[in-house]
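These notes concern the structure reproduced below.
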Amino acid sequence: MTHARTFAAAALAALTLGSAAQAASIVEIASGDDRFTTLVAAVGAAGLVDALSGPGPFTVFAPTNDAFAALPAGTVETLLKPENKQQLTDILLYHVDDRKLTAAGIPSGSNYFKPLLTSQRLCITNTGTAVTIADGTGDVATVIVADIMADNGVIHVIDKVLLPGTRPACH
């Protein structure tokens, strides 16, 4: 009986590890995480689901629902309207890099990064203990969860929606 329990436990562990080893796309991971319902709705409204489900690689700096809620009242609702699709797309692409950048792959210090919104820049600072991102408004987001691995890239959870604008100062 003890051997049967041990075998059953080992089989269950193997099944669990096997399913965990099958990574999902960035969109699938975000869709299954309650922290990203607003982001997922925005990606859908912008028509970016297929692109961000593609082979990548991508790094997505993913704002939480709380980050979207911190925008001025009515901003999210306005961006989700069909007539604002291009503006929404630009904002979302400002959160995406076309490389797989793990936290360990972000160089120390402050460096400019070129997101998929190619006419803009972000300043990403890695202090060794924290990673922050300055956007075009001069505001700074902090990576609060790093390295959620997907089969087509990596997600870093951030506490602010990044907005394009002027080139941020990068010390």
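The values are calculated or read from the model by the stated rules, or taken from the named source; none is laboratory data. The shown structure was predicted, so the numbers you read here are calculated from the model rather than taken from an experiment. Don't worry about glycine lacking a Cβ; one is built from the backbone with ideal geometry, like all the others, and counts go over all protein chains shown.
Structure notes:
- Lone unmet requirement of (1) farther than 24 Å from T166 by Cβ; (2) modelled with pLDDT under 95; (3) within 18 Å of the chain's Cα centre (by Cα); (4) surrounded by 15 or more Cβ atoms within 10 Å (Cβ to Cβ) for D97: (1)
- Here D147 fulfils each of the conditions (1) in contact with a helix residue (DSSP H, G or I) (Cβ under 6 Å, 6 or more places away or on another chain); (2) surrounded by 18 or more Cβ atoms within 10 Å (Cβ to Cβ); (3) in a strand (DSSP E or B) apart from (2).
- Members of region 92-145 that are of a type in the set (A, V, I, L, M) and on the phi > 0 side of the Ramachandran plot: none
- Within region 135-159, the residues that satisfy the criterion of being in contact (Cβ under 8 Å) with a residue 24 or more places away in the chain and closer than 18 Å to K114 by Cα are D135, G136, T137, G138, D139, A141, V143, G153, V154, I155, H156, I158.
- Tally, over region 52-65, of residues that are touching a helix residue (DSSP H, G or I) at 6+ places or on another chain (Cβ under 8 Å) and more than 16 Å from L101 (Cβ to Cβ): 4
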